[in-house]
Amino acid sequence: MSQNAVLTQGTKLYYSTDGVAFTAVPEIISISGPDATKSEIRASDLDSLAEEYLGGLADFGRMSVEIYYRATLAIHAALFADFKDPTSPVRFWRQDFVNGKKWSFNASIFAFPLNVQPNDTVKATLTLRLSGTVTET
């Protein structure tokens, strides 16, 4: 067991429309991502003995956030309103880890499927499409 592992319990995700006032997203079950990748730029020439590549721009991709969805919560209603908005507004987000590290990023909500099953709770999985870089502080 790693003595330096970062525990997940207590991780928080915050949402803001202005980048100043952040609101915690309640009822989070899990957070996956971002599924970051980097472009590969081919840099081989006629003197190359094998393919050569340079790293390109990072694409921080998507995050999935599963929540117990409660439409009566103002923040859940705001997230659903953002999803429905045809302009797909880019919002400010921050993920706080229990070790004190914070990730800040901008993202739009591109999916909001509900999961309703017998003998269960109503759940939603938000898919955030990140725009730009992730800043760690």
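The values are calculated or read from the model by the stated rules, or taken from the named source; none is laboratory data. Keep in mind it's a predicted model, so treat the numbers as computed, not measured. No Cβ is skipped: glycine too gets one built from the backbone with ideal geometry, and neighbour counts run over all protein chains shown.
Within region 103-122, does at least one residue satisfy the condition of being under 22 Å from Ala21 (Cα atoms), out of contact with any Lys or Arg (no Cβ under 9 Å at 6 or more places or on another chain), outside any helix (DSSP H, G or I) and at pLDDT 95 or above? Taking every residue of region 103-122 in turn, none turns out to be under 22 Å from Ala21 (Cα atoms), out of contact with any Lys or Arg (no Cβ under 9 Å at 6 or more places or on another chain), outside any helix (DSSP H, G or I) and at pLDDT 95 or above.
For region 46-61, give me each residue that is without any contact (Cβ under 8 Å) to a residue 40 or more places away in the chain and either small (Gly, Ala, Ser) or in a loop (DSSP other than H, G, I, E, B) (or both). Leu46, Asp47, Ser48, Leu49, Ala50, Glu51, Glu52, Gly55, Gly56 - these are the residues of region 46-61 that are without any contact (Cβ under 8 Å) to a residue 40 or more places away in the chain and either small (Gly, Ala, Ser) or in a loop (DSSP other than H, G, I, E, B) (or both). Comparison of Ala43, Ala21 shows that the only residue that is closer than 14 Å to Trp93 by Cβ, without any contact (Cβ under 8 Å) to a residue 24 or more places away in the chain and surrounded by fewer than 12 Cβ atoms within 10 Å (Cβ to Cβ) is Ala21. Condition check: within 12 Å of the chain's Cα centre (by Cα), without any contact (Cβ under 8 Å) to a residue 60 or more places away in the chain and either outside any loop (DSSP other than H, G, I, E, B) or surrounded by 14 or more Cβ atoms within 10 Å (Cβ to Cβ) (or both). Does Ser64 satisfy that? The answer is no for Ser64. Quick one: would you say Ile28 is under 19 Å from Phe105 (Cα atoms) and not charged (D, E, K, R)? So Ile28 fits the description; yes.
Filtering region 24-40 to residues that are under 17 Å from Gln95 (Cα atoms) and β-branched (Val, Ile, Thr) leaves Val25, Ile28, Ile29, Ile31.
Taking Glu52, is it loosely packed, with under 15 Cβ neighbours inside 10 Å, farther than 25 Å from Thr135 by Cβ and out of contact with any Cys (no Cβ under 7 Å at 6 or more places or on another chain)? When the stated conditions are applied, Glu52 passes them.
Identify, please: which residue in region 112-137 is without any contact (Cβ under 8 Å) to a residue 24 or more places away in the chain and not polar (S, T, N, Q) and is, among those, farthest from Phe60 (Cα to Cα)?
We begin by selecting, within region 112-137, every residue without any contact (Cβ under 8 Å) to a residue 24 or more places away in the chain; these are 113, 115-120.
Going one step further and asking which of them are not polar (S, T, N, Q), we end up with 113, 116, 118, 120.
Numbers: Pro113: 22, Val116: 30, Pro118: 36, Asp120: 33 Å.
Filtering region 112-137 for residues that are without any contact (Cβ under 8 Å) to a residue 24 or more places away in the chain and not polar (S, T, N, Q), the one farthest from Phe60 (Cα to Cα) comes out as Pro118.
Look at region 21-44 and say how many of its residues are part of a loop (DSSP other than H, G, I, E, B) and farther than 17 Å from Glu136 by Cα.
Counting residues in region 21-44 that are part of a loop (DSSP other than H, G, I, E, B) and farther than 17 Å from Glu136 by Cα gives 6.
Looking only at region 107-137, filter to residues that are among the hydroxyl-bearing types (Ser, Thr, Tyr) and surrounded by fewer than 12 Cβ atoms within 10 Å (Cβ to Cβ); which one of those is nearest to the chain's Cα centre (by Cα)?
Our first condition is that a residue be among the hydroxyl-bearing types (Ser, Thr, Tyr); within region 107-137, this holds for 108, 121, 125, 127, 131, 133, 135, 137.
Subsequent filtering for residues that are surrounded by fewer than 12 Cβ atoms within 10 Å (Cβ to Cβ) retains 135, 137.
Working: Thr135: 13, Thr137: 16 Å.
Looking at the filtered set, the residue picked out is Thr135.
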